[in-house]
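Trainee: Structure below; questions to follow.
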Amino acid sequence: MRHVVTALACLLLLGGCVSTPKPFEHDAAGDEAFLPKEDKVEVAVATPANMPDNMARRVAAALAIELQSYNIVAAVQPAQAPLKVASAMSTRDAEFGTGIEIEIEWYLLGKGNGVEGPAISKTVVQARDYAEASDKLVSRIAQQAAPRVATLMGKPPVFEARSPGQVAAGVNNPPADEAPPVQTAATSGTAPNQPAPAPRPQAPPSTPRQTKVMVGSIEGAPSDGNRQLLGGMRRALGSSRIVVMDSGGPDTFVVSAKVKLTPIDDRTGQLDLSWYLKDPGGREIGKVDQSNPVPLAAARGSWAGFGDIVAQAAVEGILELIEQATKKPQ
């Protein structure tokens with residue numbers, strides 16, 4: 001009898017572990033269709049070629065974020081996506097020596113198993129912002145690129161601009177020749193029947209004397225260093241309100257430079273630069289010296305970007321020499 005009671009007790013305990021019917025319990029079997037779906041990445045953005053690494057990574061990330069304004073789900077590589085944005089950067093002197101013009105060709109890969117593009121964006125920037133890869137520059141590049149990439153993807157902006165990038169790209173801007181508001185008698189402060197007072201003649205503003213400088217020969221740099229240093233110094237002077245000339249003249253200063261790279265060991269070299277300033281008559285006023293250890297591999301590669309940094313560091317000394325020369329009595 002004691003064994004029977006024990007068996008009954010075990011059955012009761014097992015019975016308590018079985019779920020009892022709950023007539024009002026929700027059945028989750030049909031919920032899958034109503035669950036929120038995760039957005040799938042439509043396009044992966046690669047870092048632009050020929051752009052300094054620090055700037056390239058930030059431009060790719062900024063473009064991925066900017067594309068959200070165009071209802072495009074983007075991510076930075078190595079994210080997986082059916083489409084890929086690739087690009088290549090080139091730089092040149094902006095017109096009139098006002099800075100650097102950055103041109104980027106944007107391509108879309110994977111659409112119809114082909115390549116769409118290029119869509120070209122251009123950004124003019126001061127040498128200092130380029131050398132520092134400033135946040136303002138990164139944002140401008142991304143804002144100008146986003147509507148172009150969206151167009152390559154077949155999603156051109158057709159709505160009113162809600163992203164600074166559309167404005168930067170010239171989308172939905174008001175016409176430039178829109179007539180200005182007409183000033184009425186009530187706003188001018190004169191009676192309706194009285195003619196407006198004639199404006200008083202003003203003396204023409206005095207024009208400050210402009211300093212003209214030509215960047216002459218750059219010698220001794222490896223690879224494309226001579227050309228990049230010449231362009232970098234032109235941009236550095238242009239951003240300092242100096243009139244940069246293409247040829248000499250009776251009122252034009254001349255800046256030139258000599259470069260020397262001396263190997264220290266297998267990996268490092270000593271880079272010495274001397275910038276010379278001559279007055280319009282050809283007399284040497286002074287020089288600015290720079291000396292730094294640099295990796296040989298970098299110095300023997302392209303100087304794109306590096307030439308601007310070197311020139312920007314030297315331009316303050318050049319400007320001081322010019323200021324001293326222009327203050328001397330003639």
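The values are calculated or read from the model by the stated rules, or taken from the named source; none is laboratory data. What you are looking at is a predicted structure, and each value in this text was computed from that prediction instead of being measured. Methodologically, a virtual Cβ is constructed for each residue, glycine included, from the backbone with ideal geometry; neighbour enumeration extends over all protein chains shown.
Trainee: Could you check region 226-255 and list, in sequence order, the residues that are of a type in the set (D, E, K, R), farther than 21 Å from Glu132 by Cα and modelled with pLDDT of 90 or more?
Mentor: Asp251
Trainee: Can you name the residue in region 51-95 that is of a type in the set (A, V, I, L, M) and within 30 Å of Val215 (Cβ to Cβ) and is also surrounded by the fewest Cβ atoms within 10 Å (Cβ to Cβ) among such residues?
Mentor: Ala88
Trainee: Also: Would you call Ile100 closer than 16 Å to Gly305 by Cα and in contact with a Pro (Cβ under 7 Å, 6 or more places away or on another chain)?
Mentor: no
Trainee: Pull up region 39-94, narrow it to residues that are among the charged types (D, E, K, R) and assigned to a loop (DSSP other than H, G, I, E, B), then point me to the one that is nearest to the chain's Cα centre (by Cα).
Mentor: Among those that are among the charged types (D, E, K, R) and assigned to a loop (DSSP other than H, G, I, E, B), it is Glu42.
Trainee: Among the candidates Gly154, Gly170, Gly165, single out the residue that is crowded, with 20+ Cβ neighbours inside 10 Å, over 12 Å from the mean Cα position of the chain (by Cα) and either in a loop (DSSP other than H, G, I, E, B) or modelled with pLDDT under 85 (or both).
Mentor: Gly165
Trainee: Please tell me if Val243 is in contact with a Leu (Cβ under 8 Å, 6 or more places away or on another chain) and among the β-branched types (Val, Ile, Thr).
Mentor: Against the criterion (in contact with a Leu (Cβ under 8 Å, 6 or more places away or on another chain) and among the β-branched types (Val, Ile, Thr)), Val243 does not qualify.
Trainee: Among the residues of region 275-305, write down those that are in a strand (DSSP E or B) and of a type in the set (Phe, Trp, Tyr).
Mentor: Answer for region 275-305, where residues must be in a strand (DSSP E or B) and of a type in the set (Phe, Trp, Tyr): Trp275, Tyr276.
Trainee: A further question follows. May I ask you to list the residues in region 115-127 that are crowded, with 18+ Cβ neighbours inside 10 Å, more than 19 Å from Val43 (Cβ to Cβ) and of a type outside the set (A, V, I, L, M)?
Mentor: Selection gives Thr123, Gln126.
Trainee: Pick from region 96-114 the residues that are more than 18 Å from the chain's Cα centre (by Cα) and at pLDDT below 85: which of them is surrounded by the most Cβ atoms within 10 Å (Cβ to Cβ)?
Mentor: Gly97
Trainee: Please go through region 288-315 and give me each residue that is free of Cβ contacts under 8 Å to residues at least 60 places away in the same chain, in contact with a strand residue (DSSP E or B) (Cβ under 9 Å, 6 or more places away or on another chain) and farther than 14 Å from Lys260 by Cβ, ordered by number.
Mentor: Val288, Pro295, Ala313
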